[in-house]
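Below is one structure, written out as structure tokens; the observations come after it.
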Amino acid sequence: MKNIAAFFDIDGTLFRNSLMIEHFKKMIRYEVIDPTLWYGRLKDSYSEWEKRYGDFEDYMDELVAIYVKELKGINKSYIEFIASQVINMNWDKVYRYTRARIKWHKEQGHMIFFISGAPDFLVEKMAEKYQVTAFKATRYIVDENNNFTGEVVSMWDSENKQKAVEQLVNQYKVDLKASFSYGDTTGDLSMLKKVGNPVAVNPIRKLLMAIKQDKELYEKTTIIVERKDLIYELSPAVNLIQLE
């Protein structure tokens, strides 16, 4: 007998922000990361996105590069101390819809998996808070002294998320046709394609356009938009407004 599962992305799908961004800001406060890196390099990218002129993914690409570089040589135990503070302060700052879906899946006896591009030491603690079955995240490699090497095994792209789903399916005997997945960016596209019940939560434009252009996804995907105190359920046929 196969099991029904629900695969959840975290940043932007469950958590209303980015775990890495929150950790990055906390490390600046602890002087692990030089504040001038924010004011000198990242602030402009963030401002462009915040004003909706720039692309959030461009901002995140720049942040990830700095984040990985700055962690090199730092002992993991110290970073995990800061990570624990980040999760304790932020773990419940999530979308109501996604939180309710996790609760519903648990009530149905479904397995719950987190598949996230966020660092493994953050996702592990988030997974503990929500008591999920298992998780897959970007692995930050440490040396024999438990110091970060600057090497990562990424989980933020669609290809690696597909591999993660396949590993979990084989390990836990998952029935994909009866299962669910939840994501918000094109990095989640393969995860959405794999299951019988895909849900795009507050999708970015690129993801929604990809769904519109894929016949199978177009027919089976539900679009959820949570804004202020309202939650909208839409079909991929929803009209998009193009601004100059």
(request) Compute the normalised compactness of region 189-237: alpha-carbon radius of gyration over 2.2 N^0.38 Å, N being the residue count. (result) 1.08
(message) For a quick check: with amide H placed at 1.01 Å from N, whose amide H comes under 5 Å from residue 137's, ignoring anything fewer than 5 positions away on the same chain?
(response) 116
(request) Go ahead and collect, in residue order, the members of region 141-161 whose backbone nitrogen is under 15 Å from a label point 7 Å along the Cα-Cβ direction of residue 124. (result) 141-149, 153
(message) Please compute the contact order of region 52-166 in relative form: average sequence separation of alpha-carbon pairs under 8 Å and at least six residues apart, divided by the residue count, as a percent.
(response) 28 percent
(request) Give the long-range amide H neighbours of residue 6: residues separated by 5 or more places, or on another chain, with amide H under 5 Å away, using H modelled in the peptide plane at 1.01 Å from N. (result) 111, 112, 113, 180
(message) If I compute solvent accessible area with a 1.4 Å probe over the protein chains, what percent of it on the chain is carbon and sulfur?
(response) 48 percent
(request) Could you tell me which of 91, 235, 176 has its Cα farthest along the dipole of region 86-244 towards the positive end, charges placed at Cβ (Lys, Arg +1; Asp, Glu -1), taken about the Cα centre? (result) 235
(request) Go through (i) 1.60; (ii) 1.19; (iii) 1.02 and flag the label whose value is the computed Cα Rg over 2.2 N^0.38 Å for this structure. (result) (iii)
(request) Calculate, for residue 92 and residue 144, the FRET efficiency according to 1/(1 + (r/R0)^6) with r their C-beta to C-beta distance and R0 30 Å; round to the nearest 0.05. (result) 0.25
(message) On a full-extension model of 0.36 nm per residue, what is the gain between residue 44 and residue 229, subtracting their alpha-carbon distance, rounded to one decimal in nm?
(response) 63.5 nm
(message) Test of understanding: what is the full-extension gain from residue 30 to residue 206, defined as 0.36 nm times their sequence separation minus their Cα-Cα distance?
(response) 59.8 nm
(request) For residue 202, enumerate residues with amide H under 5 Å from its amide H, sequence gap 5+ or separate chain, H modeled in the peptide plane. (result) 224, 225, 226
(message) So the label point goes 7 Å from the Cα of residue 175 along Cα→C-beta, right? Which residues of region 104-122 then have their backbone N under 20 Å from it?
(response) 104-113
(message) Taking the solvent-accessible surface of protein heavy atoms with a 1.4 Å probe, what is the per residue accessible area of the chain in Å²?
(response) 53 Å²
(request) Putting +1 on Lys and Arg Cβ atoms and -1 on Asp and Glu Cβ atoms, find which of 202, 104, 8 reaches farthest to the positive end of the dipole of the chain. (result) 104
(request) Principal axes first, then extents: for the Cα atoms of region 119-210, list largest minus smallest coordinate on each axis, whole Å, largest first. (result) 44, 31, 24
(message) Please report the antiparallel percentage of the DSSP beta bridges confined to region 1-155, to the nearest 5.
(response) 35 percent
(request) Tabulate in residue order the Karplus-calculated ³J(HN,Hα) for region 76-87, using 6.51 cos²θ - 1.76 cosθ + 1.60 with θ = phi - 60°, rounded to whole Hz; enter x for Gly and Pro. (result) 4, 4, 5, 5, 5, 4, 5, 4, 4, 5, 4, 5
(message) Taking θ = phi - 60°, what integer Hz values does the Karplus form 6.51 cos²θ - 1.76 cosθ + 1.60 yield along region 127-140, in sequence order, with x for Gly and Pro?
(response) 5, 5, 4, 9, 6, 7, 5, 6, 9, 10, 8, 5, 8, 9
(message) Using alpha carbons only, how many angstrom separate the centre of region 115-194 from the centre of region 82-109?
(response) 16 Å
(request) Go through 29-36, 194-201 and give me the packing order, highest mean Cβ count within 10 Å leading. (result) 194-201, 29-36
(request) Calculate one ³J(HN,Hα) per residue across region 163-177 by plugging θ = phi - 60° into the Karplus curve 6.51 cos²θ - 1.76 cosθ + 1.60, and present them in order as whole Hz with x for glycine and proline. (result) 4, 5, 4, 4, 4, 5, 4, 5, 5, 10, 6, 8, 8, 5, 5
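The values are calculated or read from the model by the stated rules, or taken from the named source; none is laboratory data. Quick caveat: nothing in here was measured; it's all calculated off a predicted structure. Cβ: placed from backbone, ideal geometry, glycine included. Neighbour counts: every protein chain shown. Side chains are part of the model used for accessible areas, which takes the heavy atoms of the whole protein and leaves out ligands, DNA and RNA. Shrake-Rupley method; radii C 1.70, N 1.55, O 1.52, S 1.80 Å.
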